[in-house]
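Contents: one structure, followed by commentary.
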Amino acid sequence: MSAFKGRREDDRLLTGQGRYTADWNLPGQLYAYFLRSDRAHARIVSIKKAAGDAFVFTGEDTQDLKTPPPQIKLPGRGQPIKVPHRPTLAQGRVRFVGEAIALVVAGSPQAAQDAAERIEIEYEDLPVVVSEVDSQNSVQLHDSVPGNLAFDYDYGDEKAAEEAIARAARVVRVTVESTRLAGNPMEPRSCVAAWDAASNRYDVYCSSQGLSMMAPTLHTIMGLPPGSIRVHARDVGGGFGIRSQPYPEYGALMVAARRLGRPVKWTGSRFETIASDHHGRGATLTGALALDRDGRFTGLRLDWLCNLGAYATQAGPMINTVNPAMHAINAYDIRALYGRNKLVYTNTTPTTAYRGAGRPNVTYLVERLVDEAARQSGIDPIELRRRNLIPPAAHPYKTPTGSIYDSGDFPALLEKAVRFSEWSSFSSRREEAKKRGRLRGIGCAMFVEPSGQGPVPKEEAMIKFGESGNAELYTLSGSTGQGHETVYPEIVGEILGLAPETITLRASEAEGPALAGGGTVGSRSTMQHGGALAATAYEVIKKATDLAAKDLEVSPADLEFSSGVFRVKGTDVSVTMKKIVEKHGSALDTKGFMTPQGAFPSGAHIAEVEIDPETGVVEVLRYTAVDDAGRVMNHTLLEGQLHGGVLQGIGQALGEHVVYDESGQLLTGTFMDYPMPRASDQPGRIDLYDHLVPSPTNLLGAKGAGEAGTVGAVPAMANAVLDALRPRGIYQLEFPYSPSRLWEALRKAG
């Protein structure tokens, strides 16, 4: 389907013509700096503002701003989620290192920072809790949340799962830590806020994963009616889930802009990105897998303890409860399931959705259970998976929690991955590595994950046509690097028979037509926004058919449309869609929609690694992935998403980890301390293959792909590294598999 060899937007972005948040500058703007807490938990006794030309705003100035509600609406065990107020600027107490206390505004960034450094704050330190495991000790973060327990959520059938475990021939138990991660988009968080008194309206420029996610929440925070705030985001340098909600800083900047009558601009530092952008993961995961004498899985129990940080984000509770419940059995035919997830507050940065949004935790825990079951039972790990995978004929497959796996062929994914990775000859490669003094391991991970789900009742799009015959596409799906400017014109161009080069995407434009729908989250962009554009394009064809019939002086029923040409049936009389567009232009303008339904992409990923026991260094030699992303719109973009996702999963496995000490101080606040995956961490060989089963839930037959690489890589890497360590008697080791951690584990194992 692809008409472009690369991505249309790359020429613009690589030649410096992109426009990110920091590139917006408004006449007369002032500059902002946030003074942040340097301690994890303390009462603010006093704040002595600095004298000078700078303007200083504190919690008093923002006390009327609201806390947006969480996305989850379901009840927990006995009571709904507890969401304490999150002050825009700290009021009376700070609860994590990096929390904003004061906003300083001056004529230059340097002057604002200098003034902030002259502010004196007197604190009274309070006890600190950092780990979710210790969260229910005597430290109390919020008066309204006893024991720091925000939410107690369960799913499945507890009695059935316990009975399956009780009568099982073997029960395997595993506890793993899903380490806390920093999203670290390429573009640090920044914002420009302006107030127009004449129109009684704000303009806010900020990185965003979708206008429809950012603007309504800002209206809620500010207590303003719809239409009072316009959100602008042209280019966004990465999202990963942490750009889906407005941050408190944006509200503070809006207050300052209105109070001062001038635009206010803030550009965050990399430290602020790591310390105060919402983090991902952060959970202790425990599972029990029941097997019968033939190695078939008969029951599964999962218990999670999830670290929300100091406050609840909008998405954080959802991704730690509803998301994992949707696919807790992963790709296996397990009929008895129970899960219980507890969410707690700690003196750390709040957590939210981060690439995979709960799904990597599910696959990590379940695939570790499967590999441990293979070790304990002596059954080959591939054979054990074969015995338990959901067969293709079972689709649509209803899980124990009511989710519907729409389509898939999990056994074929596994067989292809085994063949392409040359699994059967691995033992010879292991022996060769042993002669060189290296430890070699191979690990498999199956996964199936929800994609495209969302609370919106419909997804709208609009196609407009100009006098030149060109078309403009309007959607709420803003790109954060996925290549929407390339693929959406391809989708519409193929349906209408127009050259994609003549079609331009206008995504999430504040000045565009009013549209309903969701943002760029949950691997839903092609399925939902692309699907809405496809539905709209078919409506355009209906309008164009009537216009072509008039031009050709025939009945619309006499026309057939194919490959961009309207033809009178049984004759050679025809007219192209291009000619109709050029002649009728705006008469073809159409708004269309689709009703969103999710889909379940799946895959089998195999990682092969080598460890140098003298240094603990892990080398990823080979990575093989076979994925079912439904019908593929553009292979270049699909492979780019998978490559990026795999490397993010490898980053989690080998190095990334946000670390706090016992006092709540952040120890990994720079790239000197927080190891981002680099080019050298890329697998020596990465092979991507398709096994596509189109989804019946959307017009395009597509399934999500944006998070699949990470969902598969996290458990595949864990199983590969532990396979390499197993000959040394090491059967469990927590992430990250850093050289120092591996070296120490090998030293202790002798």
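Here, each number is a calculation from the coordinates, and none is a lab measurement. Computed from a predicted structure; not experimentally measured. Ideal geometry is used to build each Cβ from the backbone, glycine not excepted, and the neighbour counts take in all protein chains shown.
The Rg/Rh ratio of segment 201-352, with both radii computed over alpha carbons and Rh defined as the Kirkwood radius, is 1.12.
Add -39500 (n - 2.57) for each DSSP H run of 4 or more in the chain, then divide by its residues: what number comes out at 222 nm, to the nearest 500 deg cm²/dmol?
-8500 deg cm²/dmol
When +1 charges are put on Lys and Arg Cβ atoms and -1 charges on Asp and Glu Cβ atoms, the dipole computed for the chain relative to its Cα centre reaches about 780 debye. Holding the Cα-Cα limit at 23 Å, pick out from K159/K703; K464/K550; K49/K82 the pairs that are longer than that. In this structure, K159/K703; K49/K82 lie more than 23 Å apart at Cα.
Report the local net charge at Q245: Lys and Arg +1, Asp and Glu -1, summed over other residues whose C-beta lies under 13 Å from its C-beta. In short, +1.
Note on S208, S680, S602, S108: ascending count of other Cβ atoms within 10 Å places them as S680, S108, S208, S602, the fewest first.
This ranking places F96, F735 by how few other beta-carbon atoms lie within 10 Å of each, fewest first, which gives F735, F96.
Checking Cβ-Cβ separations below 4.7 Å across the chain identifies C306, C444 as cysteines lacking any candidate disulfide partner. Tell me the label-point distance for the pair K435, Q665, using the 7 Å Cα-to-Cβ offset, in nm and rounded to one decimal. Between K435 and Q665, the label points sit 5.1 nm apart.
Under 5 Å between amide hydrogens, built in the peptide plane, is the criterion, and for L621 it picks out E608, V609, E610, G684 among residues at least 5 positions away or on other chains. For R43, the shell of other residues with beta-carbons less than 12 Å away shows a net charge of 0, using +1 for Lys and Arg and -1 for Asp and Glu.
Taking other C-beta atoms within 10 angstrom as a stand-in for reagent exposure, H529, H657, H142 fall in the order H142, H657, H529, fewest first.
Were the residues from S228 through Q91 laid out at 0.36 nm apart, the gain over their Cα-Cα distance would be 46.7 nm. Rounded to the nearest whole Hz, the Karplus-based 3J(HN,Hα) values (6.51 cos²θ - 1.76 cosθ + 1.60, θ = phi - 60°) of segment 504-514 follow the sequence 10, 8, 10, 9, 6, 8, 4, 8, x, x, 5, with x at glycine and proline. If one computes the Cα centroid of segment 361-406 and of segment 728-750, what distance in Å separates the two points? A separation of 27 Å, based on Cα centres. For F671, neighbours were defined as the other residues whose beta-carbon sits under 13 Å from its Cβ, and their charges (Lys and Arg +1, Asp and Glu -1) total 0.
Estimated at 0.36 nm per residue, the fully extended path between S199 and E614 surpasses their Cα-Cα distance by 142.6 nm. Taking a straight Cα-Cα cut-off under 18 Å and skipping sequence neighbours fewer than 8 places away in the same chain, the aspartates and glutamates within cross-link reach of K435 are E608, E610, D612, E614, E619, D723.
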